[in-house]
Structure formats: C-alpha cells, structure tokens
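Below you'll find the structure, written out as structure tokens, and then a few comments.
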Amino acid sequence: MNLYEINLGLQKITNEIIEADGVVSDEQLANLENLELSLKDKCINIAYVVQNLEADTKQIDEEIKRLQQLKKVRKNTADRLKEAVKDSMISNDIEEFKTSTHTIKFRKSESVNILDENKIPAEFKVIKSEIKIDKIGLKKALKNGDVSGAELSQNKNLTIK
C-alpha cells in the first residue's frame, strides 16, 4: 500500500469508530494496528529514499563546485593569454594579425572613468533604494506583541537522520 491508501484506511476506521460512539471492534483494532505498522514501515522506507536523494544532491553540489572551479581556472588562463597577446602586439606596434583560421586585431571602444564623483552634475546621478524587511527583528517584535501586517506561524519541519 502507498501512503495515500494507508491514510485512507486509517481515516475510514477512525470514522467508523466515531460513528459507533467510540466502540472499537476487535477487527477494527487489528486493522488499526496493521495500518499503523504499515505506515511506520512505509515512512522508514521513504526515509531511506530521502537520505539517498539528499546524499546524491550533496554529491551533485560538490561536482558543480568542482566544475565551477575548473571553469574559473580555464577562463582566467584564457584571459591571461589574451592579455599577453595584447601586450605583445602593443609593444611591437602591431594592429592586426590575419591567418586562414584567425583574425587578431584591436577594436576601439569608449568608456567613462569617474575622477571625482562629487563634481558630477546631479542629472547624471541615479539614486537606487531598496526596501527589505528585517525578519529577525520582526519575529522578535511579534513574539512580544502584535505587529500589523505580519503574523508568526508555527511550522513542522521533518528531520530524517
């Protein structure tokens, strides 16, 4: 049986007992015990699956981290090599190399360098503001009294070890 079927069976027996004004037959008691054992076994088996999935997730995270580090090393190496080619071309006053497979040349671009931010006119300044809720402080305030616009809720977090 799956969890849904077990829960359905437990609910059915519970409703039967309620309808019988709390009188429990031997058959109902045996079915309840069987269903509760099935529920326990099912939950334990699911716990094993959850632990395996969490272990897989940890391994995947570690592999992602390893690949990101590998990517970073390769990108840095490529950037250093490009800088070395650039420096060599500049020091030898070369603007362009062309071969059958590659064209290496300089492209002109423009960028703005800010020398003194205080001297920049206001029309070129952008004000960014962001409102964030201090949930830790709000939680403390909610524990001490009522704060409109928020409530403190109780959660049940399942732990499988």
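Convex hull volume of the C-alpha atoms in the chain, normalised per residue: 353 Å³. In the range 105-153 the Cα-Cα distances spread across 5 Å bins starting at 0 as 4, 12, 14, 9, 7, 7, 7, 9, 10, 9, 5, 3, 2, 1 percent of all pairs. Diffusion coefficient (Stokes-Einstein, Kirkwood radius over C-alpha pairs, 10 °C, 1.306 mPa s) for the range 56-110: 113 µm²/s, rounded to a whole number.
Considering only 119, 143, 98, the mean-square fluctuation computed in a Gaussian network model of the chain, springs between alpha carbons under 10 angstrom, is largest for 119. Structure remark: mean-square fluctuation, Gaussian network model of the chain, C-alpha springs under 10 Å; the largest value among 51, 59, 28 belongs to 28.
Springs join every pair of Cα atoms under 10 Å in this Gaussian network model of the chain, and among 19, 123, 110 the largest mean-square fluctuation is at 123.
Over the range 59-149, the alpha carbon radius of gyration divided by the compact-protein estimate 2.2 N^0.38 Å works out to 2.12. Using C-alpha pairs under 8 Å with a sequence gap of at least 6, the mean separation divided by the residue count of the chain gives a relative contact order of 17 percent. For each pair in 71/105; 132/156; 40/156; 71/132; 75/128; 71/108, compute the distance between the two Cα atoms and list the pairs where it is over 30 Å. From the list (71/105; 132/156; 40/156; 71/132; 75/128; 71/108), the Cα-Cα distance tops 30 Å for 71/132; 75/128.
FYI, it's all coordinate maths here, none of it is from the lab. Small disclaimer: the values here were computed from a predicted structure and weren't measured.
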